[in-house]
Amino acid sequence: MAAPESLPVAVIGAGPVGLAAAAHLLERGLEPLVLEAGTTVGSAIREWGHVRVFSTWKYNLDAASVRLLERTGWEAPRPTALPFGAQIVSDYLEPLAATPELKDRIRTGARVVAVTRQGMDKGSSQGRDSAPFLLRIEHDGGKVTELLARAVIDTSGTWTTPSPLGASGLPVPGEAEARAAGLVTGPLPDVSAGGFAGRRTLVIGSGHSAANMVLDLARLARANPGTEVLWAIRAATPARAYGGGDADQLPARGQLGARLRTAVDTGAVQLLTNFHTSSIDVQGDAVTVHTADGRSVTVERIIPATGFRPDLAMLSELRLDLDPAVDAPKALGPLIDPDFHSCGTVPAHGARILAQPEKDFYLAGMKSYGRAPTFLMATGYEQVRSIAAALAGDTAAADAVELELPETGVCSTSIPDDAEGAAEEACCGTPAPVPVTIGFATGLQHGRADETANL
């Protein structure tokens with residue numbers, strides 16, 4: 001059995017938080033190896049590259065990553081600018097991945113399908129903490145390899161596992177057929193790219209992603225007669241979706257709710273409340289969506305902005321302790337419960353809060369938030385700084401977590417009791433608005449988006 005101290009720390013996911021983890025590990029004298037399922041770094045963000053984030057560059061850059069970049073002569077973007085997802089990739093992630101320190105420590109086209117302990121299943125206890133991790137990896141072309149690691153930081157995000165349309169957390173009858181027919185899109189499609197002009201589209205969800213999709217479609221409708229925009233939420237009121245307005249410390253995020261309210265009040269968008277999807281019927285190039293209370297609406301496209309959830313299947317042989325509500329590390333769950341916390345009210349947290357019964361395994365980034373959507377990139381950067389310190393044995397630095405996040409101006413205490421459930425909220429990004437205004441992008445985030453998603 002290999003000695004763990006001679007092995008690398010495996011980082012799953014080459015998004016902003018994954019690359020930040022690698023940068024912090026290097027500063028701590030540890031050897032990182034980043035494994036990315038996509039063909040390039042930031043592959044999830046590229047899918048929502050047309051989206052402009054509502055958080056400025058100030059909140060989207062990691063300190064250790066910037067230190068690596070500055071050695072190459074890289075110049076940081078204007079800190080108050082709001083980048084598109086595509087700019088985060090081209091102006092930050094790609095140059096970071098190309099630095100001499102990281103370029104040979106990133107493997108793309110390498111999808112981690114399982115993580116376990118070498119020679120041990122989940123039920124084996126004796127000597128478990130000292131056994132190296134074993135990662136099974138599927139490469140482009142079908143080749144399967146295995147890798148040993150001294151520790152694992154999973155920053156793979158939630159972008160590839162969007163939540164279904166059913167209010168009970170399950171796909172509704174007909175949903176799979178509608179998705180297969182292309183009538184249900186991805187969570188953040190570029191509506192200007194075609195397929196939406198002159199058609200009737202239903203957006204389902206009450207978070208920032210939904211809001212931006214609605215506004216993008218409303219803008220498209222102004223230039224294309226016959227385009228109709230329907231917006232469905234499960235709540236009886238859109239109060240949560242309208243957000244904190246002028247009280248939001250990120251002005252672009254605050255403006256989003258105000259523009260959404262105007263679109264509804266002027267009739268540019270038809271709002272459907274108490275909308276609980278029960279089934280979908282595919283009818284050629286259209287779908288009829290049925291609700292639990294007997295209503296039906298026929299549209300030609302559905303944009304599902306119902307949130308994301310983590311893919312935990314590859315971790316089934318690890319000993320994890322997760323919050324039963326949001327699938328986040330158990331100690332973190334109550335701190336990020338979206339019924340009580342917004343993006344700006346989540347307290348700073350690091351390795352101690354993220355620790356699992358499986359020693360030296362950590363969920364970080366958007367995946368650490370499980371089903372909670374209130375993630376911002378800055379949160380992930382502080383997480384991995386603390387984790388790197390913990391793995392290096394610097395407990396004091398690991399515990400010294402500091403993070404100042406911008407308040408949203410809205411929290412559970414200012415939202416009516418019948419407001420929408422947390423799963424539909426998204427906190428990190430949105431499609432780009434018209435030039436004179438600014439919108440958001442997921443922490444997808446996935447972000448979403450969340451953010452968001454390998455965030």
Q.
Suppose we filter region 128-148 for residues that are open to solvent by less than 20 Å² (accessible area, probe 1.4 Å) and either under 21 Å from the mean Cα position of the chain (by Cα) or more than 24 Å from LEU19 (Cβ to Cβ) (or both); how many remain?
A. 2
Q.
Criterion first (touching a strand residue (DSSP E or B) at 6+ places or on another chain (Cβ under 9 Å), closer than 26 Å to LEU135 by Cα and not hydrophobic (A, V, I, L, M, F, W, C)) does PRO100 satisfy it?
A. no
Q) Looking at region 90-109, which of the residues that are part of a loop (DSSP other than H, G, I, E, B) and open to solvent by less than 40 Å² (accessible area, probe 1.4 Å) is nearest to VAL144 (Cα to Cα)? A) GLY109
**Q.** Single match in GLU36, GLU31 (criterion: surrounded by fewer than 24 Cβ atoms within 10 Å (Cβ to Cβ) and more than 15 Å from MET377 (Cα to Cα))
**A.** GLU31
Q: Would you please name the residue that is modelled with the highest pLDDT, looking only at residues in region 39-55 that are more than 14 Å from ARG107 (Cβ to Cβ), part of a helix (DSSP H, G or I) and open to solvent by 10 Å² or more (accessible area, probe 1.4 Å)?
A: ARG46
(Q) Is it the case, given these coordinates, that ALA167 is aliphatic (A, V, I, L, M), closer than 30 Å to VAL287 by Cα, open to solvent by 10 Å² or more (accessible area, probe 1.4 Å) and at pLDDT 95 or above? (A) no
Q. Which residue pairs have Cβ atoms under 8 Å apart, sit 6 or more places apart or on different chains, and have a first residue in region 21-33 that is closer than 17 Å to PHE133 by Cα and a second that is assigned to a helix (DSSP H, G or I) and of a type in the set (A, V, I, L, M)?
A. LEU30/ALA388; LEU30/LEU391; GLU31/LEU25; PRO32/ALA21; PRO32/ALA22; PRO32/LEU25; PRO32/LEU26
Q: Just give me the residues in region 32-52 being touching a strand residue (DSSP E or B) at 6+ places or on another chain (Cβ under 7 Å) and not hydrophobic (A, V, I, L, M, F, W, C), in sequence order.
A: PRO32, GLU36, GLY49, HIS50, ARG52
Q. When you go through (1) touching a strand residue (DSSP E or B) at 6+ places or on another chain (Cβ under 7 Å); (2) surrounded by fewer than 16 Cβ atoms within 10 Å (Cβ to Cβ) one by one for GLY174, which number turns out not to apply?
A. (2)
Q) Do we have ASP121 as surrounded by fewer than 20 Cβ atoms within 10 Å (Cβ to Cβ), modelled with pLDDT of 95 or more and more than 26 Å from the chain's Cα centre (by Cα) here? A) yes
Q | Residues that are open to solvent by 50 Å² or more (accessible area, probe 1.4 Å) and under 18 Å from the mean Cα position of the chain (by Cα), drawn from region 60-84 | A | PHE84
Q) Among the residues of region 1-28, which ones are open to solvent by less than 20 Å² (accessible area, probe 1.4 Å) and in a loop (DSSP other than H, G, I, E, B)? A) GLY13, ALA14, GLY15
Q: Scan region 196-222 for residues that are of a type in the set (A, V, I, L, M), assigned to a helix (DSSP H, G or I) and either farther than 17 Å from PRO338 by Cα or touching a Leu at 6+ places or on another chain (Cβ under 8 Å) (or both) and report the count.
A: 8
Q: Give region 149-163 a look and list any residue that's open to solvent by 20 Å² or more (accessible area, probe 1.4 Å) and in a loop (DSSP other than H, G, I, E, B), or say none.
A: ARG150, SER156, TRP159, THR160, THR161
Q: Give, as residue ranges, the helices (runs of 4 or more DSSP H) completely inside region 317-398 that count at least 1 residues that are modelled with pLDDT under 95.
A: 333-336, 377-391
Q.
With of a type outside the set (Ser, Thr, Tyr), open to solvent by less than 60 Å² (accessible area, probe 1.4 Å) and within 16 Å of PRO164 (Cα to Cα) as the only criterion, which of VAL264, VAL299, VAL289, VAL269 stands out?
A. VAL289
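The values are calculated or read from the model by the stated rules, or taken from the named source; none is laboratory data. Since we're looking at a predicted model, the values are computed, not measured. Here Cβ is always computed from backbone atoms with ideal geometry, including for glycine, and neighbour counts include all displayed protein chains. What goes into the accessible areas is simple: the full protein's heavy atoms, side chains included, and nothing from ligands, DNA or RNA. Shrake-Rupley method; radii C 1.70, N 1.55, O 1.52, S 1.80 Å.
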